[in-house]
1. Does Phe52 satisfy the criteria of being in a helix (DSSP H, G or I), modelled with pLDDT of 95 or more, of a type in the set (Phe, Trp, Tyr) and under 17 Å from Pro141 (Cα atoms)?
2. Select, from Arg118, Arg162, the only residue that is surrounded by fewer than 15 Cβ atoms within 10 Å (Cβ to Cβ), touching a Lys or Arg at 6+ places or on another chain (Cβ under 9 Å) and among the charged types (D, E, K, R).
3. In the range 163-177, is there at least one residue being part of a helix (DSSP H, G or I), under 18 Å from Leu29 (Cβ atoms) and without any contact (Cβ under 8 Å) to a residue 24 or more places away in the chain?
4. Within the range 121-137, is there a residue that is in contact (Cβ under 8 Å) with a residue 24 or more places away in the chain, under 26 Å from Arg58 (Cβ atoms), in contact with a Gly (Cβ under 9 Å, 6 or more places away or on another chain) and among the charged types (D, E, K, R)?
5. Looking at (1) at pLDDT 90 or above; (2) over 26 Å from Pro141 (Cβ atoms); (3) part of a helix (DSSP H, G or I), which is the only condition Ala87 fails?
6. Among the residues of the range 142-154, write down those that are over 25 Å from Gly174 (Cα atoms) and not in a loop (DSSP other than H, G, I, E, B).
7. What's the number of the only condition in (1) within 18 Å of the chain's Cα centre (by Cα); (2) surrounded by fewer than 14 Cβ atoms within 10 Å (Cβ to Cβ) that Ala129 fails to meet?
8. Among (1) within 16 Å of the chain's Cα centre (by Cα); (2) surrounded by fewer than 19 Cβ atoms within 10 Å (Cβ to Cβ); (3) modelled with pLDDT of 95 or more, where does Lys62 come up short?
Amino acid sequence: MHRDSLVQGCSYHCKKGMRKPRVLLKGALYHVTARINRQEMVLDPSPMKDKFLDVLKRAKVKYKFTIDNFCIMGDHIHLLIRPGIEASLSRIMQWILSVFAMTYNRLYGLTGHVWGERFRSRIIAGLAAFIAVFGYIDMNPVKACLVSNPRDWRYGGLWHDRIGCREILDFPAGFVPLVFPEHGSSCLSERSFSRR
């Protein structure tokens, strides 16, 4: 009886500790989050957020993907990301997170993990889910009491949209300015110039 309970216990722990397979779909849009190990505020100083932005810029040169929205917080990140047809979400995120970790460790003379568990991803299915996640990403720094208006958060997609910065953020889908007007102000003028 003791042996059976051990086997059952082992089976329970093995199942509980197993990772769920990541759901991947070609052409899908994902809400990706990644958290810093032990919830440390590694990204809290602005220069570290800038380093992360630099890594995102380099990743966009190396891999084919678009970013519809993003937010960099002190201990985690959010990306609304769509890998290109031949690109792998796992490969893109592995590169981004590992390059940032190496950069951080080299700057501070450290070794070991910077990120906690593996990044989380969820496929955005449908317009309602897109609108909910897009708005949630914008409001992250407001909910954390870092700014009173999301447009003032320099490390989010709305700020980049407003200044017309396209190194990280891509043009939003045509309906985005209708639902989130502040995301559309600079985009509309840029699009009209780019078509001339």
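The values are calculated or read from the model by the stated rules, or taken from the named source; none is laboratory data. These numbers were taken from a predicted model, which means no experiment stands behind them. Note that each Cβ is placed from the backbone with ideal geometry, even for glycine, and that neighbours are counted across all protein chains shown.
1. Details: in a helix (DSSP H, G or I): yes; modelled with pLDDT of 95 or more: yes; of a type in the set (Phe, Trp, Tyr): yes; under 17 Å from Pro141 (Cα atoms): yes.
Taking the combined requirement at face value, the residue satisfies it.
2. Details: Arg162 fails: surrounded by fewer than 15 Cβ atoms within 10 Å (Cβ to Cβ).
Answer to the check: Arg118.
3. Step one: of the range 163-177, the residues part of a helix (DSSP H, G or I) are 163, 176-177.
Subset that is under 18 Å from Leu29 (Cβ atoms): 176-177.
Next cut, without any contact (Cβ under 8 Å) to a residue 24 or more places away in the chain only: 177.
Looking for residues that are part of a helix (DSSP H, G or I), under 18 Å from Leu29 (Cβ atoms) and without any contact (Cβ under 8 Å) to a residue 24 or more places away in the chain, one finds at least one in the range 163-177, hence yes.
4. No, the range 121-137 has no match at all.
5. Result: Ala87 fails condition (3) only.
6. Keep residues of the range 142-154 that are over 25 Å from Gly174 (Cα atoms), which gives 142-148.
Listed by number, the residues that qualify are Val142, Lys143.
7. Condition not satisfied by Ala129: (2).
8. Answer for Lys62: the failing condition is (1).
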